[in-house]
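Visitor: The structure's right below; bear with me while I get my questions together.
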Amino acid sequence: MFVSGDKMDSDAGSYVNEQSDFGFDVKVGKEYRKSIVDNLEMRFGADLAFKYSHSQTAYNDKTANDFDSLNERTTYQPGVNLVFGFNYLLGENLLVGAELLPSFIYITGESILESEDASGVEEIKSDISGFNYGLSNTSVLLSIAYKL
């Protein structure tokens, strides 16, 4: 599980900008190992993944226009990661491994843009949807492990 967040404020005198972000990421999976030859085993399996993300940016212009805006974005990202790799046993308890992690993620959520000026408040809502998939050499995970 991974949790992250931040909050940043900037005040330039005539305008103020406040930004905050929060999110978490959870992955649960199962991995299997099969011996190929002495000291070499294949690894394969899958992870179910879920990511939640919420960001909010508020802008206040203190000039004569007195323009304010708020932009909120919330996304939900369920997905699956596959695991395919190899372990090389360096001894009875020490191994070096490499695995590929191809993934497919569906993205859904909502974006809300709210602006206010002298003429009133306007709110624009939009749905977010899409997908993300990947397999590249940057998705290779190298590991050194000690087996108890």
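Every number here is computed from the coordinates shown, using simple stated rules; none is lab data. None of the values given here were measured: they were computed from a predicted structure. Glycine also receives a Cβ, built like all others from the backbone with ideal geometry; neighbour counts cover every protein chain displayed.
Visitor: Sticking with the crude label model, points 7 Å out along Cα→Cβ, report the distance from Val16 to Asn39 in nm, one decimal please.
Guide: Each label point is offset 7 Å from its Cα along the Cβ direction, giving 6.6 nm.
Visitor: Measure out, as a whole number of angstrom, how far apart the alpha-carbon centroids of segment 2-81 and segment 90-148 sit.
Guide: 8
Visitor: Please check which bits of segment 13-50 a label hung off Thr57 would reach, taking the label as a point 7 Å along Cα-to-C-beta and the cut-off as backbone N under 16 Å.
Guide: Within reach of a label on Thr57, which here means backbone N under 16 Å from a point 7 Å along Cα→Cβ, segment 13-50 contributes 15-22.
Visitor: Given Lys7/Lys30; Lys30/Lys125; Lys62/Lys125, which pairs have Cα atoms separated by over 30 Å? List each step's numbers first, then the result.
Guide: Details: Lys7/Lys30 36 Å; Lys30/Lys125 39 Å; Lys62/Lys125 25 Å.
With Cα atoms farther than 30 Å apart: Lys7/Lys30; Lys30/Lys125.
Visitor: Here's something else I'd like to know. Between Leu135 and Phe50, how high is the FRET efficiency from 1/(1 + (r/R0)^6) when r is the Cβ-Cβ distance and R₀ = 25 Å? Nearest 0.05.
Guide: 0.80
Visitor: Using θ = phi - 60° and the Karplus curve 6.51 cos²θ - 1.76 cosθ + 1.60, what whole-Hz ³J(HN,Hα) does each residue of segment 88-94 get, with Gly and Pro shown as x?
Guide: 10, 7, 8, x, 5, 10, 10
Visitor: Also, I was wondering about something else. Can you give the FRET efficiency to the nearest 0.05 for Ser69 and Lys30, using r as the Cβ-Cβ distance and R₀ = 30 Å?
Guide: In this case the efficiency is close to 0.05.
Visitor: Put +1 on the Cβ of each Lys and Arg and -1 on the Cβ of each Asp and Glu in the chain; which of Gly130, Val96, Ser14 then has its Cα farthest toward the positive end of the dipole?
Guide: Of the options given, the answer is Val96.
Visitor: So, one more: Using 0.36 nm per residue, how much length does the chain from Ala118 to Val96 gain when fully extended, once their Cα-Cα distance is taken away?
Guide: Full extension from Ala118 to Val96 adds 1.5 nm.
Visitor: Among Asn39, Asn60, Asn17, which one shows the biggest mean-square fluctuation in a GNM of the chain, springs joining Cα atoms closer than 10 Å?
Guide: Highest fluctuation among the options: Asn39.
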